[in-house]
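Structure record follows, encoded as structure tokens.
The values are calculated or read from the model by the stated rules, or taken from the named source; none is laboratory data. These numbers come from a predicted model, not from an experiment. Reconstructed Cβ throughout: ideal geometry from the backbone, glycine too, with neighbour counts over all protein chains shown.
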Amino acid sequence: MAGLKEKLYDKILEWRPRTKKLLQDHSDVVVDQVTIGKLLGGMRGLKSLVTDISYLDPDEGIRFRGYTLQEVFEKLPKPQKSEMPYVEGLMHLLLTGDIPTRKEAEDLVDEFSKRRILPRYVYEVIDAYPCCSHPMAIFSSAILSMHRESFFKKKYEAGINKKDLWDPMFEDSLNLLAKLPEIATYIYAKLYRDGNRIQSNPNMDMGGNFAFMMGKEKPYDDVARMHFILHSDHESGNVSAHTGHLVASSLSDIYLSVSAMICGLAGPLHGLANQGVLMWLHELMDRLGGEDPTEEELTQYVWDTLNSGLVIPGYGHAVLRKTDPRYLLQREFSLKHLKDDKIFKYVDMLYKIVPPILQEQGKAKNPWPNVDAQSGVIQWHYGVREYDFYTVLFGIGRSIGICANVIWDRALMYPLERPKSLTTDMLEEITGIKKND
Ligand code: HAX
């Protein structure tokens, strides 16, 4: 992988003086204020992290390396006869900031293919899990088990200059990313197909090979590419990205960091919401005995959910204040490929019905749909009906963003993350509620 690594190294050398200058000459410049509201409110919106891989604007949505999602999908090279770009090309973009040439993207496809073989024990770890386990728990463990392979760990133990740590992190990241489709599809086969798996095809790109191992025809390869690209990065403050970055800040290797981030992604307020949407829709279908709902019935169902103190899965966001462009891109795909799908029709009706209800309820700051409102229905349509599995797909995509971030964290020699805690007593003293006598 000499070409990409050299290019990345040049970028790193160019970038380092910028970070150094900010730190040396402007360390005391105030960027944001830490209020009690922020401390007790999950640090929502607090400007306290740095990443150059992606930026999330509340109104516009995500940009990867300065490119909107539309631009990313238009500009990245695509495999022959495919609607969606190479996932490997996205990795090149996130790492270097440059749209790769077809050759650069295909070089990375070859590199992933060379690194895709799993150690035998990973299958054994997966097999050892009891059947009713959630696939995200298995996924995290399978990744964790490969910690012993870490090149970064070996280099660190042997003694390596801090400036060079990005290099073994890069090698580990490529090794891990190349293996994720195989791990995920093996878990799928174990849990839902009595262990009948399809071996990987070394001549395919990541999305194509994933579809192949899932036993799916076209256009599922494009579904996989779209899914992995859309879910790859969403700047650094969300639970999964922040976890990956935090764990790696203690110089844990990529296997430890990605395994941990998968656990954060598995929560219902984060990545698990995509499975939540499908469960919630099926409850509705059961309630209606399979009949198509009227607008009134859907409205009633949304209100019933809210009145029971539950959230509407797939709606709202901690940063976004408009419809998530990741939702819109998937909607565009769905309108083209699955517009007559029964569940897609529900999803589309909800797009009209939910936002005004959330606005009327007046709690959610963002009444619009997020990425998870639309992703599950596409999987369902193409026959991946085990919705427990949907967050694993999210996890494959998110790992790409985490790896790009963590490689750059080491390249820029970001330190151990260690914010300071206060006690409630201290907050009451600061506010004057309690006198310190
Ligand atoms: N349905 C009902 N109530 C909602 C809501 C929704 N979809 N979204 C927010 N609210 C409520 C919150 O629960 C909160 O209520 P309380 O004051 O009673 O605690 C209030 O509105 C204010 O919340 P907020 O400031 O608008 O939103 P947060 O930043 O606290 O939370 C969440 C953001 C995404 C967690 C939230 O919108 C939510 O729970 N949505 C449903 C679950 C979901 O779709 N999660 C996936 C988000 C995208 C993602 O990370 N994908 O991985």
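Looking at the range 169-177, is at least one residue under 22 Å from the mean Cα position of the chain (by Cα) and of a type in the set (Asp, Glu)? Taking every residue of the range 169-177 in turn, at least one turns out to be under 22 Å from the mean Cα position of the chain (by Cα) and of a type in the set (Asp, Glu).
Quick grid of which residues meet (1) touching a Gly at 6+ places or on another chain (Cβ under 6 Å); (2) closer than 18 Å to VAL406 by Cα; (3) among the hydrophobic types (A, V, I, L, M, F, W, C):
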| position | (1), (2), (3) |
| --- | --- |
| ASP52 | no, yes, no |
| ILE62 | no, no, yes |
| GLY66 | no, no, no |
| LEU69 | no, no, yes |
| GLN80 | no, no, no |
| GLU83 | no, no, no |
| TYR86 | no, no, no |
| LEU90 | no, yes, yes |
| LEU93 | no, yes, yes |
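Only a single item in (1) among the acidic types (Asp, Glu); (2) away from the ligand (no atom under 15 Å from the Cβ); (3) out of contact with any Leu (no Cβ under 7 Å at 6 or more places or on another chain) is not met by GLU297, and it is number (3). The C-beta contact set for the range 31-54 (first residue over 17 Å from SER240 (Cα atoms) and away from the ligand (no atom under 16 Å from the Cβ), second residue assigned to a loop (DSSP other than H, G, I, E, B) and of a type in the set (S, T, N, Q), distance under 9 angstrom, 6+ apart or interchain) comprises VAL31/SER48; ASP32/SER48; VAL34/SER48. Among the residues of the range 289-299, those that are closer than 22 Å to ARG385 by Cβ and loosely packed, with under 14 Cβ neighbours inside 10 Å comprise GLY289, GLY290, GLU291, ASP292. With respect to (1) under 23 Å from ASP233 (Cβ atoms); (2) outside any helix (DSSP H, G or I), the lone exception for ILE396 is condition (2). Screening the range 10-19 for residues that are closer than 24 Å to SER173 by Cβ and free of Cβ contacts under 8 Å to residues at least 24 places away in the same chain and picking the one that is nearest to the ligand (Cβ to nearest atom) gives ARG18.
LYS216 satisfies every condition listed in (1) within 30 Å of LEU412 (Cα to Cα); (2) assigned to a loop (DSSP other than H, G, I, E, B) except (1). Scanning the range 34-55 for residues that are surrounded by 16 or more Cβ atoms within 10 Å (Cβ to Cβ) and among the small types (Gly, Ala, Ser) returns a single hit, SER54. All of LEU177, LEU246, LEU191, LEU256 fail the test of being touching a Pro at 6+ places or on another chain (Cβ under 8 Å) and either assigned to a helix (DSSP H, G or I) or at pLDDT below 95 (or both), apart from LEU191.
Of all residues assigned to the range 250-262, none qualifies as being of a type in the set (A, V, I, L, M), touching a residue at least 12 places away in the same chain (Cβ under 8 Å) and over 30 Å from LYS162 (Cα atoms). Could you pull out the residue among ARG331, ARG418 that is more than 15 Å from the ligand (Cβ to nearest atom), among the basic types (Lys, Arg) and part of a loop (DSSP other than H, G, I, E, B)? Going through ARG331, ARG418 in turn, the sole match is ARG418.
Quick check on THR431: is it loosely packed, with under 14 Cβ neighbours inside 10 Å and free of Cβ contacts under 8 Å to residues at least 60 places away in the same chain? No: the conditions fail for THR431.
Across the range 263-284, the qualifying residues are those that are of a type in the set (A, V, I, L, M, F, W, C) and free of Cβ contacts under 8 Å to residues at least 60 places away in the same chain, and the one among them that is nearest to the ligand (Cβ to nearest atom) is LEU269.
Go through the range 359-374 residue by residue and tally those that are in contact with a helix residue (DSSP H, G or I) (Cβ under 8 Å, 6 or more places away or on another chain), in a helix (DSSP H, G or I) and more than 6 Å from the ligand (Cβ to nearest atom). So the count comes out to 3. If you go through the range 227-246 one residue at a time, do you hit one that is away from the ligand (no atom under 16 Å from the Cβ) and either surrounded by fewer than 21 Cβ atoms within 10 Å (Cβ to Cβ) or without any contact (Cβ under 8 Å) to a residue 12 or more places away in the chain (or both)? Scanning the range 227-246 turns up at least one residue that is away from the ligand (no atom under 16 Å from the Cβ) and either surrounded by fewer than 21 Cβ atoms within 10 Å (Cβ to Cβ) or without any contact (Cβ under 8 Å) to a residue 12 or more places away in the chain (or both). The set of residues from the range 234-271 being at positive phi, in contact with a Leu (Cβ under 7 Å, 6 or more places away or on another chain) and among the hydrophobic types (A, V, I, L, M, F, W, C) is empty.
The rows are residues; the columns are (1) of a type outside the set (Asp, Glu); (2) under 24 Å from HIS282 (Cα atoms).
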| site | (1), (2) |
| --- | --- |
| VAL354 | yes, yes |
| GLU360 | no, no |
| GLN374 | yes, yes |
| ILE378 | yes, yes |
| ILE402 | yes, no |
| SER421 | yes, no |
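Among helices (runs of 4 or more DSSP H) entirely within the range 107-173, having at least 2 residues that are of a type in the set (D, E, K, R) and surrounded by 16 or more Cβ atoms within 10 Å (Cβ to Cβ) singles out 151-158.
Kindly establish whether TYR346 is assigned to a helix (DSSP H, G or I) and away from the ligand (no atom under 11 Å from the Cβ). Yes; evaluated as a whole, the condition is true for this residue. Taking the criterion of being within 21 Å of the chain's Cα centre (by Cα), under 23 Å from ALA318 (Cα atoms), without any contact (Cβ under 8 Å) to a residue 24 or more places away in the chain and surrounded by 14 or more Cβ atoms within 10 Å (Cβ to Cβ), would at least one residue in the range 56-76 satisfy it? Yes; the residues of the range 56-76 include at least one that is within 21 Å of the chain's Cα centre (by Cα), under 23 Å from ALA318 (Cα atoms), without any contact (Cβ under 8 Å) to a residue 24 or more places away in the chain and surrounded by 14 or more Cβ atoms within 10 Å (Cβ to Cβ).
Does ALA373 meet the test of being closer than 30 Å to ILE254 by Cα, surrounded by 24 or more Cβ atoms within 10 Å (Cβ to Cβ) and touching a strand residue (DSSP E or B) at 6+ places or on another chain (Cβ under 7 Å)? In short, yes.
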